[in-house]
4 protein chains.
Amino acid sequence: QKNRVYTSYREMILIEKSLPENERMDFVSIVTPNFLHFDPCKLALENGFHVMCEKPVAFNLDEAKALETIVLKSNLVFALTHNYTSYPMVKEAKSIIKEGKLGKIFKVIAEYQQGWLSENIESSGQKQALWRTDKSKAGISCCVADIGTHAENLTEYVTGLKIKELCADITSFVEGRELEDDANMLVRFDNGAKGAIIVSQVASGEENELKLRVFGEKGNLEWLQSDPNNLILKLADTPKQVLRPGNKYLNAETQLYTRLPAGHPEGYIESLANLYKNFGKEILKFKSGKIVNYEELEFPSISDGVRGMRFIDAVIHSGKNNSCWVII
Amino acid sequence: QKNRVYTSYREMILIEKSLPENERMDFVSIVTPNFLHFDPCKLALENGFHVMCEKPVAFNLDEAKALETIVLKSNLVFALTHNYTSYPMVKEAKSIIKEGKLGKIFKVIAEYQQGWLSENIESSGQKQALWRTDKSKAGISCCVADIGTHAENLTEYVTGLKIKELCADITSFVEGRELEDDANMLVRFDNGAKGAIIVSQVASGEENELKLRVFGEKGNLEWLQSDPNNLILKLADTPKQVLRPGNKYLNAETQLYTRLPAGHPEGYIESLANLYKNFGKEILKFKSGKIVNYEELEFPSISDGVRGMRFIDAVIHSGKNNSCWVII
Amino acid sequence: QKNRVYTSYREMILIEKSLPENERMDFVSIVTPNFLHFDPCKLALENGFHVMCEKPVAFNLDEAKALETIVLKSNLVFALTHNYTSYPMVKEAKSIIKEGKLGKIFKVIAEYQQGWLSENIESSGQKQALWRTDKSKAGISCCVADIGTHAENLTEYVTGLKIKELCADITSFVEGRELEDDANMLVRFDNGAKGAIIVSQVASGEENELKLRVFGEKGNLEWLQSDPNNLILKLADTPKQVLRPGNKYLNAETQLYTRLPAGHPEGYIESLANLYKNFGKEILKFKSGKIVNYEELEFPSISDGVRGMRFIDAVIHSGKNNSCWVII
Amino acid sequence: QKNRVYTSYREMILIEKSLPENERMDFVSIVTPNFLHFDPCKLALENGFHVMCEKPVAFNLDEAKALETIVLKSNLVFALTHNYTSYPMVKEAKSIIKEGKLGKIFKVIAEYQQGWLSENIESSGQKQALWRTDKSKAGISCCVADIGTHAENLTEYVTGLKIKELCADITSFVEGRELEDDANMLVRFDNGAKGAIIVSQVASGEENELKLRVFGEKGNLEWLQSDPNNLILKLADTPKQVLRPGNKYLNAETQLYTRLPAGHPEGYIESLANLYKNFGKEILKFKSGKIVNYEELEFPSISDGVRGMRFIDAVIHSGKNNSCWVII
């Protein structure tokens, strides 16, 4: 309805709030640049609206912590669009590891390679590049904030492990760029596992290659976002396996995230839809009176957002201090 | 001929030397464990025999340097079996980079994943595992010495760059193992490029995955040893390309390293054969009176051997010193 | 709105027709079994509603021809859900061939392999299997009608050629099944090209593998529905190429069928959406007064439907007559 | 030794025969064009030499039958270089089917696509093309004789089934070529299975793509010569599996055909070596007094040769007679 198009988020939130409860909007989706996350999140939450927010959750760690306080106090549903965690084969990967099929996890390699910032396209005004490479809009990081946080979040989501500390080497390869466009990190996990997170926005020739590999004492698995329907599982002394959505051999939980029969490919949009579905289910529970338990949500929420900001801080700090180890 | 089977390398070298020149052996191939490289190399060279030696070239850096002096003084042909550099598609990768098709190199990711040491098979006497995990036979390193040097050598060979410094995180994942079986390294190159070298012998489920990716400002390439006949080239704003041996579109140099028509797969043995062919050609030149120019050999030689030992030293030093940066 | 859910298509069509023009539905989507295509199509068209109909277009060829007369007389928009023709990389394949990049077409191999009818699941009442294997509901063919027509339609759509004649070997592998569940066909095209169409619903282990390969004098291309975002192009004496959606090197026309940046995978749903988008655009043109030109629609329509029925007839006739050549 | 290089096969065979038994050659390898198989085979066998002969075994079926009589009478070892049957993963495929893992076989698709005859290179004197396209040297067939027989032999070897009858469509696509350069065949097997064999030497852009797919009631397998170390196995309701050489999970028999540890790729040369190894073992048995049992050889022999000639005859006859079914 045309009369519900607003000229600002402030106007939207305040006018919607004034509508009768059964007519007003249910939630706000925030897809603005990083420096414009905190204010609309805060306003929405303080006026009773659930929030789906883009990552990284805020402009800096302080904002993220402040937002966490607001969310927890609000008791509203808050989700972060780390949608890559919502692909069916990512759910399956998580199940496989949880069941112990890989044994104790030894090593994790997460990568995210993009090539679109290989040239200084911000100087010719490309909109998406402009704010991401601008300290005043993106915060202290370009590449790590934009895609490194996806790699970090996916790693912790799938393995169930926490990154304990990291050391990083960060670079601005493209001339005239003040924020880093490339970062390589060594990481150590809370269970003793080791690993690397390797991200770049100047990997010329690459599209959008987010890849996760997890190695345990009994085998390893591998998932690649640009080929999301093939989960590769290599168990020791066993033929390599390729698991695909829509098949009976998958975990029951995984089945919930596929809409089509096996062999009918799904992609990025469906991963977002899966995220929104879980978000929506939680809102329905809220409406039926359930109190939100922020520890048990089946989607990334404010704690993941704060963690992502800690990760960014740690990488940039290490990168500027001779790749020292930094606890996150 | 049975009468030329000897009971020791000493006996072999001394008796062969006593044969008439046109009857004696041409060269010695040394495929013993690391602690048994230096002595037979030295004896062979000092008695006038060319040498093909396994990597890493020696037990430690001091031995390697001493061997370098002996080689240079001998003026004999010396080769190191980094045979992975002899695959035709590796030659092609080197040509592509040299021609500048990728532009300035920004980033290199080299990996070598094996799973065969995921369990403590040395404790049950597995011969190959036994000496590689034994400090007194392998030297200060297991995984980095055995396969990390392949990744390092392949990286420098293909890119033409030198690793300037590195920081490393090394681990012995398998209980009771004194040497590392896993290592992750951040590396910096002499041209300003950055990268990572990630190696493991406890990557359970993996066979022998040596993979090199090189990213430049105009595109990237990728080569995987277990699928050696497909060189993947992704240039910016161009369809992904797959280059294969035996085709006219390859560099003339590359053509020298293929024996069969396109579509007839070659593998590991042929890569070794290519290495030996170049080694043999150099011996023939020697016989015709040419003085060996150690800077212009088309195979890894003593300087690569010394460099490999420096690499091992740097990784282990960094790994034991909080992942500090170490110049190599 | 609940008051627009109807108990039959007849009721729906008649009541909707009685609504004011700006309130009534725009078109009817027919996704019923084959024997239930003709009647609702006819009723919809005769009452002024555009139609999107499932394939094969009718229960038999006579019905299809009758429907063709009705469609042409109606001057309404009619589409057939051969949605596989709407994938962006299928559009690109068509462009490449039209531009002559493959030269004269010599050979086409189309396949469609499914495994879901490997067992007699109709006997235990599986709904999708029940009507497809039932002569009174599916018509004279199971496998060829259900998936063979997709292979036939995709072949003619991409190549721009027409199948002139075919010979076929048809089989019911599963005991107790009266209609064929497998068919192999040799085909000849109007330009002299040859080929094969190989389809099966008893290819146990396969999901939904629709694959098209087109060979011309200058090269060939290959597209696989279960990996829809990689179009493989092999030109003579040129590295194999892999073309992917969202890239600037694609034809302008192809770009219209992708919604997301390169590297964000799209799938089956988006191919359907592309089909509906083109269908919708034609309806909008109709509303603005344009007369439908059935020869120039950018989606499969009634002539494709009739052609599909001729194909089914030819295959079954050949299959029952010692694989004689049959003109279609 | 230079004094054993001969100017003709006649000279070679007769002079070698005159040498003392422990000095003379063991066997003859015949790699001449088709019209030059029979005579040297005959002469060698009649003078007591074992024979390894190129495929197809003879110039025509009559010659093949005559040769069969000679072989059987000679009691010498005779092998045909269908070396593709000697890849380790082909041995594994045969084992899997023999064990019944795929259940009853329903369907087989064999393909062999090459592009090297896409142009009339024989007219410019290309040696390999010249005789293969010349009726007086190749016989009645070019493409089917040269590569179709490989597809036929591999099919029967792996499945253990016999082709009972076939119908074929054959074409000479390149102007001025008298023999066929492309053929598509429907086939029926002795167990009721159906299938297709699709071969071409004008598949421009292809190198040497021999591919076999076998579908049974419980699953299917797939092997591709240009990627010989990956055997794909898809069992119903099970993740896709990829079996690779050198692993413990393979059949014991398969292990005999690999020389290197898993992950060290082998190729075409090794497949030939496997063939020669089995041939050599049979010669050793012969030398130790064992009578050759032509039904139990672990390599293709004279019966396969005759069968190949029958296959060629059947395809060409069907192709020239409106694709009628021909029993082979």
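The values are calculated or read from the model by the stated rules, or taken from the named source; none is laboratory data. Quick caveat: nothing in here was measured; it's all calculated off a predicted structure. Cβ coordinates were reconstructed from backbone atoms using ideal geometry, including for glycine residues, and neighbour counts include every protein chain displayed. Ligands, DNA and RNA are excluded from the accessible area calculation, which covers all protein heavy atoms including side chains. Shrake-Rupley method; radii C 1.70, N 1.55, O 1.52, S 1.80 Å.
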task: State the answer as a single residue: which of D:LEU67, D:VAL57, D:VAL90 lies farthest towards the positive end of the charge dipole of segment D:1-121, with beta carbon charges of +1 for Lys and Arg and -1 for Asp and Glu, about the Cα centre.
output: D:VAL90
task: Quick one: grab Rg to one decimal and Dmax as a whole number for chain D, Cα atoms only, in Å.
output: 20.1, 64
statement: Largest fluctuation, C:LEU14, C:LEU186, C:LEU117 only, Gaussian network model of chain C with Cα springs under 10 angstrom, belongs to C:LEU14
For chain C, size of Cβ-based charge dipole, Lys and Arg +1, Asp and Glu -1, in debye: 960
task: Using a 1.4 Å probe on the heavy atoms of the protein chains only, list every residue of segment D:150-181 that has 40 Å² or more less accessible area in the complete assembly than in its chain alone.
output: D:ASP169, D:PHE173
query: Which whole-number value in Å³ per residue fits the convex hull of the alpha carbons of segment B:33-77?
result: 57
field: Shielding by partners - mean other protein chain Cβ count within 10 Å, residues of D:221-227
entry: 2
query: Which percent of the accessible area of segment C:1-81 is formed by carbon and sulfur heavy atoms (probe 1.4 angstrom)?
result: 52
- prompt: What average count of beta carbons from other chains do you get within 10 Å of the Cβ of residues in B:212-218?
  reply: 5
query: What percent does the relative contact order of chain D come to when contacts are Cα pairs within less than 8 Å and at least six residues apart?
result: 23
task: Pop the C-beta distance of C:ASP190 and D:GLN128 into the FRET formula with R0 = 45 Å and round what comes out to the nearest 0.05.
output: 0.85
statement: Lys pairs in segment B:189-274 with Cα under 20 Å (8 or more apart in sequence, or on separate chains) total 9
query: Given +1 on the Cβ of Lys and Arg, -1 on the Cβ of Asp and Glu, and no further charges, what dipole in debye does segment B:1-40 carry about its Cα centre, rounded to the nearest 20?
result: 140
message: Quick check: Cα centre of segment A:135-159 to Cα centre of segment B:1-78, how many Å?
response: 54
- request: Keeping to pairs on different chains or 8 or more places apart, tell me how many lysine pairs in segment A:1-98 have Cα atoms under 28 Å apart.
  value: 16
task: One decimal, nm, shortest first: give the distances between the label point of D:PRO261 and those of the same position in the other copies, each label point 7 Å from Cα along Cα→Cβ.
output: 3.6, 4.2, 4.6
- request: Determine the shielding of peptide C:111-122 by partner chains: average, over its residues, the number of Cβ atoms on other chains within 10 angstrom of each Cβ.
  value: 3
Local electrostatic count, D:LEU235, Cβ distance below 10 Å [Lys/Arg +1, Asp/Glu -1]: +3
message: Can you tell me, using C-alpha contacts under 8 Å and at least 6 residues apart, the relative contact order of segment D:1-122 as a whole percent?
response: 17
- prompt: Can you work out the FRET efficiency for the pair B:LYS162 and D:ILE15, with r the C-beta to C-beta distance and R0 = 56 Å, to the nearest 0.05?
  reply: 0.40
- prompt: the protein assembly as shown: D in µm²/s via Stokes-Einstein (Kirkwood Rh, Cα pairs, 10 °C, 1.306 mPa s)?
  reply: 46
statement: Relative to the compact-globule estimate 2.2 N^0.38 Å (N residues), the Cα gyration radius of segment D:225-279 stands at a ratio of 1.24
query: To one decimal in nm, how far is B:LYS287 from the same spot in the other copies, if labels go 7 Å from Cα toward Cβ? Please give the shortest first.
result: 2.9, 8.7, 8.8
Segment B:131-217 - convex hull of the alpha-carbon atoms, volume per residue in Å³: 103
- prompt: Which value, to two decimals, describes the C-alpha radius of gyration of segment A:253-328 once divided by 2.2 N^0.38 Å?
  reply: 1.60
- prompt: If you put a point 7 Å past Cα along the Cβ direction, how far is that point for A:ASN22 from the same point in each other copy, in nm, smallest first?
  reply: 2.8, 10.8, 11.0
task: May I ask which residue of chain A has the beta-carbon nearest to the axis carrying chain A onto chain C, and at what distance in whole Å?
output: A:GLY267, 2
- request: Could you check the simple spin-label distance between A:LYS320 and B:LYS277, using points 7 Å along Cα→Cβ, in nm with one decimal?
  value: 5.5
- request: Please work out the FRET efficiency for the pair C:GLU253 and C:VAL31, using the Cβ-Cβ distance as r and a Förster radius of 25 Å; give the result to the nearest 0.05.
  value: 0.35
field: Listed residue (A:ASN34, A:ASN191, A:SER136) projecting farthest to the positive dipole end of chain A, Cβ model
entry: A:ASN191
